[in-house]
Amino acid sequence: MRKVISVIVENEHGVLARIVNLFAGRGYNIESLTVAPIPESNYSRMTIATEGDPEIFEQIAKQLNKLIPVYKVMESDNFIEKEMAMVKFPIDNSLSDIDALARCYNGNISNVSEDYIVVTVIDRAVRIDNFIKGIKKFSPIEIVRSGVSVIDR
Amino acid sequence: MKMTGAKIVIESMIKENVEVVFGYPGGAIMNVYDEIYKQNLFQHILTRHEQAAVHAADGYARATGKVGVAFLTSGPGFTNGVTGLATAYTDSIPLVVISGQVPTSLIGTDAFQEIDAVGISRPCTKHNFLVKDVKDLAYIIKEAFYIAQSGRPGPVHIDIPKDVTAQMTEFVYPKEIDLKTYKPTTKGNKRQIKKVVEAIKEAKKPLVYIGGGAVLSNSAELVREFVNTTQIPAVETLMAKGVLRYDNPLNLGMVGMHGTYAANMAMSEADLIISLGARFDDRVTGKLEEFAKNAKVVHIDIDPTSISKIVQVDYPIVGDLKNVLETMMSLVKSEINPEDYEYFRSIVKRYNELHPLSYHDSDKVLKPEWVIQKTGEILGDKAIISTDVGQHQMWTAQYYPFSFPRQFVTSGGLGTMGFGFPAAMGVKRGVPDKVSINFSGDGSILMNIQEFVTAYEYKLPVINIVLNNNYLGMVRQWQTMFYDDRLAETDLSVQPDFVKLVEACGGKGYRVKTKTEFEEALKDAITQKVPVFIDVIIDRREIVLPMVPAGESLANTIVEYKDPKQLENKDEK
Ligand SMILES: Cc1ncc(C[n+]2csc(CCOP(=O)(O)OP(=O)(O)O)c2C)c(N)n1
Ligand SMILES: [Mg+2]
C-alpha cells in the first residue's frame, strides 16, 4: 500500500538527516521526498511518499512524532496530491503531438531549443506514471520527477 | 555576566545541580577542562577510557535517578564513548554527554580529530545538538537536561566546537523551557483507564507484566500497591528487578529467555496481560506467534511507539505510569475483588512448585548460583548490584534477592560487556552508603579492567565478584546446546593473574575455590577502601536454566539439561 505523509518540522540543523535516518534505520521505504521551508515560519514541510502495511504506517507516524524537532505528522486519505515531471525529447518529434499530450496532464512545453523540447506536467503521482508510459513512443531523453506535494482538502 | 562558552558549560552544570562529571580531556575540549580546573563546585572523575566515563555516568543515573553527565573530546574520544551512549539509549537512561568538536571553521575539512559526531550519535541518542553559536549554548544545555529526563528518558549529546567554548556571551540560564515540538503525554486517558479496570474485572487469569518503565518513572510503590491490592500474579523483566520484592508471593520472577518456568507458563496461560512500562522485547516474548495467545493486552507506556510495535494491544494507554496508576488505583480498590483470581493464583503456584528455580549444588566445585545467593544472604539490601553481560548476568537476575527499585544495574537492551565495573563506580559515587557489587565474567571484566586505576584514585571501593569459568560462558552455552559443543573462540583458558593485575593498580585481589574461601573473601572485601576483585573459580560447564531457545515459544521452556561433559554429572555416574 502506498501512503503520503506530510511532516512539519523545525527548520534546524540536521533535521532532514534525522528523518531520513529514521526511515533507513528502521527499514521503511521512501518512494519520494519533497522538502521546502514553510513561508514566514521556522518550520519546513516534508512530504514523504512511502510503501508498506497499515501497521507500518502507524509505526512510522509514531516514530516521526517522537523525533524532537517534529511538530506535526499528517496522514490523510483526503489530500490533494500533485507531483511535477519534466521531460526532455529530441527535436525531431511533432511539437503539436507533444503539446497535446502535455495538456492532458496539466502541462505545457516549457522550452524548445535547437536540439530538444522540454515539457513540464503537474498531476497526481499515478497520472504522472501514465504520462511517462504514454510518452515512450516519443523517445524521451531524460525524465525528472519532483516527488509529491500534498495539501488537505 | 559575560563569559566564555567554556565557563557557560560549567555554570550550567552548577545550575543543574550536577555533583559529578565523568570524563576524559583532549584538544577540542580543553577550554572546558581549563574551567573545570578553576572551579570546585562539582567533582570531575577521570576514567581511564571514554567508554567507562559514559558507563559510569549511566550507572550513577540508574542508581540515583538523576541525570548522569560525561565530557569527551572530539574524534576518538567521542567514538570511544559511543557504546556508552548506545547502552544508555536502549535502556532509556537520562544522560547528558558533552563532546568537544574541532573549530567551526574546520568542520567539514577532515581536520585533525574531526568526526561527524552528531551524525554518529543520532541513532543512539534521544536527541543531539551541534552548537554553532555561543549564544545558543545555555539554552541548549537546559534543553538537553530537560529532554534527557522527561517523557521516556534517554541520553542527549551536545557537540561543541572549540571556538564556541572560547567565544564570550552573556550567561542567562533559562528557568523554564517550552518546546513547541516536544510535549510528552503524561496523563493517561481517563475513559481508557476505566475500560482497563473493567477488563481486569472480567478477566479470570490476569497477569501483571512489569518492565523497566516502572523503575524509570519511580512507580514501584504504586506497582506494589496495585499488585497487593488486586492479588494478581506478576512477572518482571530483567529491567524491573526490585520493583516487587523478591519474596512477594505474587512475584513469579523474571519472564522470557531465562525466565522462571512459572512466569513463562503464566504468560502463556493468562487471559489478560497488564503491561506496566514494559516493551515486549524479543528476549521476553519468545516466538511471537505463540506469545500470549490467549490474552488480551493492556499496555501502559509513556512512549507511543512502544505500543502495538511488537504485539497488537487491545487497551493502549499512553502516559506516565505513575499518573496512570494513581488514577487507576482509586477505581481498583472499589471495583476489583481479589478473590476472583484465586483459581489462577493456584495454577501459577503449582507451576512454581513443579519447577522452581533450582540448581545442583556441589561441595567439589563452586556453583555460580550459590555464590550469588550467598552474597545476597550476606549483603541483601545493603548492596546495589551491577553486572556485566553473559551467564553471570542471568544468574544474578535469577538468584540475588532484590528488594528495592534501582538496586539492579545492568545493560539489558544492548547487552554491553564491559558495562558493569564502570557502572558500579558510578553507583558507588551516587550512593556511597551502599556496597557496590559488580557481578562479572572473566570475559567482560577485561573490557574495562583499566578502571581499577580510576576506582583506586577516587576511592570508589567497588567489589567485583568475577564468576570465572574460563569461558565466554553465554556463547559457550549456545555452542554446547545448539552447535554440537563446537567451542569456537570461547575458551578463555589463557588469563592474566587477576590478583596480581589488580594489586598492581592499587586494588585488592582474592582467588577463591571453595565456599569458605568465598565467604571469607567477601567479608574481608566489604571492609576494604580500595577496589576489589574476587576471582571465583566456578564450575566451567554450568549453564543458565531455565532457557527458551531463541525463536521458541515460552511454553517450551527447558528446565533440565544434562551436559555429559559437566564434572558433576560425570561424578554421579
Ligand atoms: C561488547 C560485547 N561483545 C560481545 C558480546 C557477546 N557476548 C554476550 S555474552 C558473552 C560472553 C561473556 O563472557 P563472560 O564475561 O566471561 O561471562 P559468562 O557468560 O562466562 O558469565 C559474549 C561474548 C557482548 N554482549 N558484548
Ligand atoms: Mg566467563
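The values are calculated or read from the model by the stated rules, or taken from the named source; none is laboratory data. What you see is a predicted model; the values in this text were computed from it and never measured. Glycine gets a Cβ as well: all are built from the backbone with ideal geometry, and neighbour counts include every protein chain shown. Remember, those area values only see protein heavy atoms, side chains included, never the ligands or the DNA or RNA. Shrake-Rupley method; radii C 1.70, N 1.55, O 1.52, S 1.80 Å.
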Hey, could you check segment B:364-400 for residues that are assigned to a loop (DSSP other than H, G, I, E, B) and either within 16 Å of ligand 1 (Cβ to nearest atom) or in contact with a Lys or Arg (Cβ under 8 Å, 6 or more places away or on another chain) (or both) and say which is farthest from residue B:442 (Cα to Cα)? B:400
Can you confirm whether residue B:148 is within 12 Å of chain A (Cβ to nearest Cβ) and surrounded by 15 or more Cβ atoms within 10 Å (Cβ to Cβ)? yes
For segment B:419-431, indicate whether the set of residues that are in contact with a helix residue (DSSP H, G or I) (Cβ under 7 Å, 6 or more places away or on another chain), within 13 Å of ligand 2 (Cβ to nearest atom) and within 14 Å of residue B:56 (Cα to Cα) is non-empty. yes
Which one is farthest from residue B:78 (Cα to Cα) among residues in segment B:104-132 that are among the charged types (D, E, K, R), open to solvent by 50 Å² or more (accessible area, probe 1.4 Å) and within 11 Å of chain A (Cβ to nearest Cβ)? B:132
Select the helices (runs of 4 or more DSSP H) contained entirely in segment B:449-562, then report the ones holding at least 1 residues which are more than 15 Å from ligand 2 (Cβ to nearest atom) and crowded, with 16+ Cβ neighbours inside 10 Å. B:451-457, B:498-504, B:515-526
Check segment B:473-489 and report whether any residue there is away from ligand 1 (no atom under 14 Å from the Cβ), more than 17 Å from residue B:423 (Cα to Cα), without any contact (Cβ under 8 Å) to a residue 24 or more places away in the chain and in contact with a helix residue (DSSP H, G or I) (Cβ under 8 Å, 6 or more places away or on another chain). yes
Going residue by residue through segment B:22-41, is there one that turns out to be under 22 Å from residue B:153 (Cα atoms) and outside the structural domain of residue B:456 (by TED's automatic domain parsing)? yes
Considering only residues that are in contact with a Gly (Cβ under 8 Å, 6 or more places away or on another chain) and within 14 Å of another protein chain (Cβ to nearest Cβ), which ones fall in segment B:178-220? B:182, B:184, B:185
Residue satisfying all of: in segment B:318-331; more than 13 Å from residue B:276 (Cβ to Cβ) and either at pLDDT below 95 or of a type in the set (A, V, I, L, M) (or both); most open to solvent (accessible area, probe 1.4 Å) among these: B:330
Could you tell me whether any residue of segment A:131-150 is polar (S, T, N, Q), farther than 27 Å from residue A:46 by Cα and without any contact (Cβ under 8 Å) to a residue 40 or more places away in the chain? no
Condition broken by residue B:413, with the remaining ones in (1) surrounded by 24 or more Cβ atoms within 10 Å (Cβ to Cβ); (2) within 14 Å of ligand 1 (Cβ to nearest atom) satisfied: (1)
